[in-house]
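Just so it is clear, none of the values below were taken in a lab; they were calculated from the coordinates. All values reported here derive from a predicted model rather than from experimental measurement. Heads up, the Cβs are rebuilt from the backbone with ideal geometry, glycines too, and the neighbour counts pull from every protein chain shown.
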Amino acid sequence: MAAEELHLNLRNLTEQDYPAIKRLMDRVYDDIGGAWPEATIAKLAAEFSDGQICIEDGDEIVGMALTVLVDYQRFSNPHTYDDLIGKRMQVLNNPKGDALYGLDVLIHPDYRGYRLGRRLYEARKELCRQLNLRGILAGGRILNYHQHADEMGPQEYIQRVGRREIHDPILSFQLANDFQVKRVLRQYMPEDEKSQGYATLLEWNNIFYQPDTSPLQQPKSQVRVGVVQWQMRPFHSVEEVLQQVEYFVDAVSDYKSDFVLFPEFFNAPLMGLTDSKQQMQAIRFLAQYTDRFRDEMLRMAVEYNINIITGSMPLLEGERLYNVTYLCRRDGTLDQQLKIHITPHEKRDWVIEGGDHIQVFDTDAGRIGILICYDVEFPELARLMAADGMEILFVPFWTDTKNGFLRVRHCGQARAIENECYVVICGSVGNLPSVESLDVQYAQSAVFSPSDFSFPHDAVLSEATPNTEMILFSDLDLDRLKVIRNEGSVTNLKDRRHDLYHLRWQRPRK
C-alpha cells in the first residue's frame, strides 16, 4: 500500500469497535486462538479507556495496543499470563496500580513497515508519564525461539537477539524501543508453541516518575542560578566586604534565584590590611576572618531565601591551612568542600594542603557538587560525583591570565559533556597592585550544559562579559538532564564500560 493512500488516526478504543478488533486479532493471532471475547474488550474499555489505543486507516483498525494498570512490585517479579486473566477471560485491571502492563500490540500484516508499532509504544509511554506511573511492564513472546530451541536455551537466545545475531519480530522491536529484559518467564503462556512457553519480562522506566508526596516536597525541576563576577577592589574592613557580599545576595535573590555563587578567594583583598609581601603570613591573617564570613553568609542565605555557595576562603585547622568553600542552605544548614588539588602557587607561597573528601550535596533545588578552580581540571572528581547523582557542578575559580582561565573554562565544558550535567563557573576580575598575587585577574563567568539537541548549539547557556563586574543569571531544566541521560544522541553515563574500568575513592576521610 502506498504511503500517500493512508489516512491514519490515533485514538482510544470503544466497545463499538469490537467487530474491527475481532477481525484484526483473528488475523494476527491465528496461531494462539484468535480474538478475545467481546466481553473482555468491553471490560477493558470501560475500566481503563485511556490504556486502549488504536490506529485506524479510514474506518478500519489496523493497529492497536491493549494495556492495564498493575501493581509494580507484583508484576515486576515472575508471573504468568494467566495471572492477568480472571475467570471467563476477564482481564484484571488494578485501578490503584502504579505501573502499566502491556498486554498486546497488534499491527495488521498489510501495514507493517510504516512503524505503526512505534507510534503505539510512544503513546503508551506518554500515557505513563501523564499518569505519573513507575513504568511499563510487558511479557513478551519470543516468536522465533522454536527455530533455535534444540541448540540453545532461552537466555542465550535473548542475548543473541540483543546482539542482533538473531532477529525476533517481537523482542527485536521491543529492545529497539528502549525496553530492557528483566528476566525470563517460564510457562508464561504454555500454549505458545513458537515461544516454547517462554517469555521475556520487559520494562521501560518512567524517568519522570515521582512518588506521591505533598507538592511542597516535590523536587524542583526548574532552577535559577545567579553568578557574581566579583571586582577585586581595596577594602578597609571586613564589614566593608560583607556589605558588598550582602548587596549581591540581595540583588540575586530579588530575581528569585535558587543559588548564588561567589568566586574563589573573593575576600583576598583583605590581605592588604597586613603586610601582603609576606604571603604565608598574609593568607593566615585572612584565615582568621573565615568563621565570620561563613556565619554571616549563612545568615544571609536564610534571610534572603537563597542557597549560597560562598566562593572559597582559607581555613586554618591547627597549623594546617586549607582552601574551603561552604554551602549555606536557605534552611539554615551548612556543608563544606575542601579543595583537593592545590596549585603550585598555593603550595609554594601559602603552604596550603589539599582535602581528602568529595561529596554530592542534597539541596531543595537539585543534587550539586562543588569543585574549587584547579579541581575541575581533574576529570575523576566530577565523574565520581556524577555517579552519585550530581546534576549541577559549581566551580568558583581565581585565575590571573587568559590561558589560566581557559583551562578552567574548557575543562568545565568537558565535565558538562562527559557527565551530562550543568556546570557553573565563577571568577573575579580587576587589578589590585597593592596586594601580592592580586595584581592581575582574568575571568569570564559562564554556565555550561551538555551538548545535545535540547540545549544551545554551543552548549553555553549564558556567559558574562570578560573582565567586568556583573551578575549573570541562567535557568536550568533538570528534567532535560533526565531525558539526555536516558534518551540523548549519546548517553555518556550509561555507556561507560564498567566491565573494563572503574573509579573508587581510596583514602578515608580525615
**Prompt:** What angle do you read, to the nearest 10 degrees and between 0 and 90, between the alpha-carbon axis of helix 290-303 and the longest principal axis of the chain?
**Reply:** 50 degrees
**Prompt:** Non-local amide H neighbours of Ile372 (under 5 Å, H modeled in plane, Pro and chain starts lacking H): which ones?
**Reply:** Ile340
**Fill in**
Counting only DSSP beta bridges with both partners in the chain, the antiparallel fraction in percent, to the nearest 5, comes to 75 percent
**Request:** Can you tell me the dipole magnitude for the stretch 399-510 around its Cα centre, using point charges on the Cβ only (Lys, Arg +1; Asp, Glu -1), in Debye to the nearest 20?
**Result:** 740 debye
**Complete:** Convex hull around the C-alpha positions of the stretch 350-499: the volume in Å³ per residue is 131 Å³
**Item:** For q = 0.09, 0.17, 0.19 Å⁻¹, Debye-computed log10 I/I(0) when each Cα of the stretch 181-331 counts as one equal scatterer
**Value:** -0.47, -0.98, -1.12
**Message:** Can you divide the C-alpha Rg of the chain by 2.2 N^0.38 Å and report the result to two decimal places?
**Reply:** 1.27
**Request:** Let me know the charge dipole size of the stretch 354-424 about its Cα centre in debye, to the nearest 20, where only the beta-carbon of Lys, Arg (+1) and Asp, Glu (-1) is charged.
**Result:** 340 debye
**Prompt:** Along the charge dipole of the chain, which of Phe394, Tyr374, Ile107 sits closest to the positive end, that is, farthest toward it, with unit charges on the beta carbon of Lys, Arg, Asp and Glu (+1, +1, -1, -1)?
**Reply:** Tyr374
**Computed lengthening from Glu38 to Asp250, 0.36 nm per intervening residue step minus Cα-Cα distance** = 69.7 nm
**Item:** FRET efficiency for Asn77 and Thr401, using Cβ-Cβ distance with R0 set to 56 Å, rounded to 0.05
**Value:** 0.40
**Message:** Run the numbers for Asp295 and Glu5: contour at 0.36 nm per residue of separation, minus the present Cα-Cα distance, in nm.
**Reply:** 97.2 nm
**Item:** Amide H contacts under 5 Å for Leu321, placed H, 5+ residues apart
**Value:** Glu353
**Prompt:** Which ³J(HN,Hα) values in Hz, rounded to whole numbers, follow from the phi angles of the stretch 494-503 under the Karplus curve 6.51 cos²θ - 1.76 cosθ + 1.60, where θ = phi - 60° and Gly and Pro get x?
**Reply:** 5, 8, 4, 8, 5, 6, 10, 8, 7, 10
**Request:** About the Cα centre of the stretch 223-487, how large is the charge dipole given +1 on each Lys and Arg Cβ and -1 on each Asp and Glu Cβ? Please answer in debye to the nearest 20.
**Result:** 360 debye
**Request:** Would you mind listing how long the stretch 435-510 runs along its three principal axes, going by Cα atoms, in whole Å with the largest first?
**Result:** 51, 40, 19
**Request:** Send over the semi-axes of the stretch 3-205's equivalent ellipsoid, whole angstrom and largest first, taken as the square roots of 5 times the C-alpha gyration tensor eigenvalues.
**Result:** 25, 20, 17
**Prompt:** Which order results if Glu346, Glu463, Glu319, Glu15 are arranged by neighbouring Cβ count within 10 Å, fewest first?
**Reply:** Glu319, Glu15, Glu463, Glu346
**Item:** Relative pair counts by distance (%), Cα atoms of the stretch 162-205, 10 Å bins
**Value:** 28, 53, 19
**Message:** Between Ser454 and Gln506, what's the calculated FRET efficiency when r is the beta-carbon distance and R0 is 35 Å? Round to 0.05.
**Reply:** 0.40
**Request:** For the stretch 244-255, take each phi angle, set θ = phi - 60°, evaluate the Karplus expression 6.51 cos²θ - 1.76 cosθ + 1.60, and give the result in whole Hz per residue in order, putting x for glycine and proline.
**Result:** 5, 4, 5, 4, 5, 4, 4, 5, 5, 5, 4, 9
**Complete:** If unit charges are put on Cβ atoms (+1 for Lys and Arg, -1 for Asp and Glu) and the dipole of the stretch 238-290 is taken about its Cα centre, the option from Met271, Val260, Gln244 lying farthest towards the positive end turns out to be Met271
**Prompt:** So what's the gap between the Cα centers of the stretch 238-282 and the stretch 408-425, to the nearest angstrom?
**Reply:** 25 Å
**Prompt:** What list of ³J(HN,Hα) values in whole Hz, one per residue of the stretch 400-413 in order, does the Karplus curve 6.51 cos²θ - 1.76 cosθ + 1.60 (θ = phi - 60°) give from phi, with Gly and Pro shown as x?
**Reply:** 9, 10, 5, 5, x, 4, 5, 4, 5, 4, 5, 5, x, 5
**Item:** chymotrypsin sites (Phe, Trp or Tyr not before Pro) lying in DSSP loop within the stretch 219-281, provided at most 13 other Cβ fall within 10 Å
**Value:** Tyr255
**Complete:** Helix 38-47 sits off the longest principal axis of the Cα atoms of the chain, rounded to the nearest 10 on a 0 to 90 degree scale, by 30 degrees
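Cut-off is 10 Å between beta-carbons; in what order do Val447, Val429, Val351 appear when sorted fewest neighbours first? Let's see the in-between values first.
Details: Val447 25, Val429 22, Val351 15.
So the residues, fewest neighbours to most, are Val351, Val429, Val447.
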**Request:** Please determine, in degrees from 0 to 90 and to the nearest 10, the orientation of helix 478-487 with respect to the longest principal axis defined by the Cα atoms of the chain, where the helix direction is its Cα long axis.
**Result:** 50 degrees
